[in-house]
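J.: This is the structure I want to talk about, given as structure tokens.
The values are calculated or read from the model by the stated rules, or taken from the named source; none is laboratory data. All of these numbers come straight from a predicted model, not from anything done at the bench. Please note: Cβ atoms are built from the backbone with ideal geometry, for glycine as well, and neighbour counts cover all protein chains shown.
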Amino acid sequence: ETGVTQSPTHLIKTRGQQVTLRCSSQSGHNTVSWYQQALGQGPQFIFQYYREEENGRGNFPPRFSGLQFPNYSSELNVNALELDDSALYLCASSLKGSYGYTFGSGTRLTVV
Amino acid sequence: TQLLEQSPQFLSIQEGENLTVYCNSSSVFSSLQWYRQEPGEGPVLLVTVVTGGEVKKLKRLTFQFGDARKDSSLHITAAQPGDTGLYLCAGAIPGSARQLTFGSGTQLTVLP
């Protein structure tokens, strides 16, 4: 059974640039959620995807967008990067209706 | 906005001591989960509690969900250095497709 894998592990971008983060869900999981974790804080919900459609969204601006593909892999896109976007971005997959979430190790994004 | 407050924020104890971490909210959650996160890794699910008043045990860890499903506690007996990590509680918002609201975490250090 494979876990959740995220790429890249680390990334440095310049303010104003765009970034795409990728996530491969655990085998058999059809729901993917993205979270932002600032240093010293708990993760904050960005959005969730099920059957390739957004299924819930947290308090994040529209420049945060996502995609889920037929194979349940997912992308998080952030446009017009700001310094405050520097954080650990976590992907979590689950089976819809279940309580179990499996998190990836995250992508550490630094915006300079 | 539904908030989960965790206390204490930091805890440093000697090996063999007992400890309790608290997670409180003014909101009702349909379920509550506890995770442990190590540096550079994503959170790992420890337990999910669903029923008010529910108590679950995982070896030396005891988890309790409050009767009103607004609070929870994690008790560790005879802590060991391997228990060191960031402990996060996360509540599922009713009717939100299992969107999780995380607390800010308790950083536990167990000294040998």
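J.: On the basis of being modelled with pLDDT of 95 or more, in contact with a strand residue (DSSP E or B) (Cβ under 9 Å, 6 or more places away or on another chain) and in a loop (DSSP other than H, G, I, E, B), does B:A79 make the cut?
T.: yes
J.: Tell me which residues, restricted to region B:48-67, are assigned to a strand (DSSP E or B), within 17 Å of B:G91 (Cβ to Cβ) and either modelled with pLDDT of 95 or more or more than 10 Å from every other protein chain (Cβ to nearest Cβ) (or both).
T.: Within region B:48-67, B:K56, B:F63, B:Q64, B:F65 meet the criteria.
J.: Read through the list (1) part of a loop (DSSP other than H, G, I, E, B); (2) more than 10 Å from every other protein chain (Cβ to nearest Cβ); (3) under 25 Å from B:T106 (Cβ atoms); (4) not β-branched (V, I, T), then give the number of the only condition that A:Q41 fails.
T.: (2)
J.: Yes or no: region A:64-71 includes at least one residue that is in a loop (DSSP other than H, G, I, E, B), of a type in the set (A, V, I, L, M, F, W, C), at positive phi and surrounded by fewer than 15 Cβ atoms within 10 Å (Cβ to Cβ).
T.: Taking every residue of region A:64-71 in turn, none turns out to be in a loop (DSSP other than H, G, I, E, B), of a type in the set (A, V, I, L, M, F, W, C), at positive phi and surrounded by fewer than 15 Cβ atoms within 10 Å (Cβ to Cβ).
J.: Need pairs with beta-carbon distance below 7 Å; first residue assigned to a strand (DSSP E or B) and within region B:1-20, second among the aromatic types (F, W, Y) and at pLDDT 95 or above; sequence gap 6+ or separate chains.
T.: Once the first residue is assigned to a strand (DSSP E or B) and sits in region B:1-20, its partners that are among the aromatic types (F, W, Y) and at pLDDT 95 or above give B:Q6/B:Y22; B:S7/B:Y22.
J.: Could you look through region A:101-112, keep only residues that are over 17 Å from B:P39 (Cα atoms) and of a type outside the set (F, W, Y), and pick out the one that is surrounded by the most Cβ atoms within 10 Å (Cβ to Cβ)?
T.: My answer is A:V111.
J.: Additional query: Please go through region A:64-100 and give me each residue that is closer than 18 Å to B:G40 by Cα, within 14 Å of another protein chain (Cβ to nearest Cβ) and over 9 Å from the mean Cα position of the chain (by Cα), ordered by number.
T.: A:A87, A:L88, listed by residue number.
J.: Another question, if that's okay. Within region B:89-97, can one find any residue that is surrounded by fewer than 21 Cβ atoms within 10 Å (Cβ to Cβ) and assigned to a strand (DSSP E or B)?
T.: There is at least one residue in region B:89-97 that is surrounded by fewer than 21 Cβ atoms within 10 Å (Cβ to Cβ) and assigned to a strand (DSSP E or B).
J.: On to the next question. With at pLDDT below 95, in contact with a strand residue (DSSP E or B) (Cβ under 9 Å, 6 or more places away or on another chain) and crowded, with 16+ Cβ neighbours inside 10 Å as the only criterion, which of B:L19, B:L4 stands out?
T.: None of the others qualify; the one that does is B:L4.
J.: Let me ask you something else. Applying the selection to region B:70-107, what residues are within 14 Å of chain A (Cβ to nearest Cβ) and on the phi > 0 side of the Ramachandran plot?
T.: B:G85, B:G95, B:A97, B:R98, B:G105
J.: Of the residues A:G28, A:G97, which is free of Cβ contacts under 8 Å to residues at least 12 places away in the same chain and either among the hydrophobic types (A, V, I, L, M, F, W, C) or assigned to a loop (DSSP other than H, G, I, E, B) (or both)?
T.: When all the criteria are applied, what remains is A:G97.
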